[in-house]
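Quick notes on the structure that follows.
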Amino acid sequence: MSRVLIVEDEPQIRRFVRLALHGEGCEVTETGTLREGLALAGDTRPDLVILDLGLPDGDGLDFIRAWRAWSEAPLLVLSARGLEADKVAALDAGADDYLSKPFGVAELLARARALLRRRGAGEGAARPLREFGRVAVDLARREVRVDGQAVHLTPIEYRLLTLFLSHPGRVLTHRQLLREVWGPGHGNSGHTLRVYVGRLRHLLEQDPTQPQHVLTEIGVGYRFESEAAPT
């Protein structure tokens, strides 16, 4: 049973989210303040945190930074702050995904399931063979096959692919991807990133114009899904 912590100051939203998660078989703990949220996080060690940014005793960004100081468990932001800059700030602080209010229960649960799958995959991350769609990646041999046929990736393409594989279901910002793949001096090379994502899609996706695995989060970054996205 997955343990989920909800940190949200609106009781109606807390109840809505709690009931939805109970329906998924989750064990739910909840609070309406940042201070108590951090205390509960330490006590319950949740598998997933669902966090509102606008809390009565502080900014949710402070929670994210404190949480990331000691935990790698996924964190999903629910917030009425819908600007791209707000999303990027939360993701750069260490959030894994961001859902703007108002939101639907189906999308909330889909994103929660994706993050919990990532949590499970991370616990078994030593597995050398990773598969998605038509693609098999042997991390030990640094080999990539599509429909059983070897595919050549450049070193940068391979680093970008393995970064996506290590964070399934998580939104990675342009800045994060550029820093991890190219280094800290390429923080504004958005065009370069788009070119290499396009190359990966051309090599690995069934239809590069309708990607099912490397998905665009408009204005923010990209998200990798090992299971094909619904059409």
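Dipole of the chain (Lys/Arg Cβ +1, Asp/Glu Cβ -1, origin at the Cα centre): which of P102, L51, T192 lies farthest to the positive side?
T192
Whole angstrom only: what separates the Cα centroid of the range 150-164 from the Cα centroid of the range 6-26?
Spelled out, the Cα-based centre of one part sits 39 Å from the other.
So what is the 222 nm mean residue ellipticity for the chain from helices alone, if each DSSP H run of at least 4 adds -39500 (n - 2.57) and you divide by all residues, rounding to the nearest 500 deg cm²/dmol?
-13000 deg cm²/dmol, from helical runs alone.
Consider the candidate values [x] 1, 5, 8, 12, 14, 14, 12, 11, 9, 6, 4, 2, 1, 0, 0; [y] 1, 6, 8, 9, 8, 5, 4, 4, 4, 4, 4, 5, 5, 5, 4, 3, 3, 2, 2, 2, 2, 2, 2, 1, 1, 1, 1, 1, 0, 0, 0; [z] 1, 6, 14, 18, 18, 16, 11, 8, 5, 1, 0, 0; state which one is P(r) over Cα pairs in 5 Å bins from 0, in percent computed from the structure displayed.
Computed from these coordinates, P(r) over Cα pairs in 5 Å bins from 0, in percent corresponds to label [z].
Against the longest alpha carbon principal axis of the chain, how many degrees, from 0 to 90 and to the nearest 10, is the axis of helix 190-204 turned?
So the inclination is approximately 70 degrees.
Roughly how tilted is helix 155-165, in degrees to the nearest 10 and between 0 and 90, from the longest Cα axis of the chain?
Around 30 degrees separate the two axes.
Nearest 5 percent is fine: what portion of the DSSP beta bridges confined to the chain is antiparallel?
Of all bridge pairs located within the chain, approximately 55 percent are antiparallel.
Expressed as a rounded percentage, what relative contact order does the range 129-224 have, with Cα pairs under 8 Å and six or more residues apart?
Relative contact order for the range 129-224 comes out at 25 percent.
Can you work out the PRE-style zone for R15? Point 7 Å along Cα to Cβ, and I want the residues of the range 40-84 with backbone N under 18 Å.
Residues passing the 18 Å test: none.
Using alpha-carbon pairs under 8 Å, 6+ residues apart, how would you state the relative contact order of the range 61-115 in percent?
39 percent
Report the Cα-based extents of the range 16-138 along its three principal axes, largest first, to the nearest Å.
The Cα atoms of the range 16-138 stretch 47, 32, 29 Å along the principal axes, largest first.
None of the figures in this text is laboratory data; all of them are computed from the coordinates on show. Because the structure is a prediction, the values reported are computed rather than measured. Don't worry about glycine lacking a Cβ; one is built from the backbone with ideal geometry, like all the others, and counts go over all protein chains shown.
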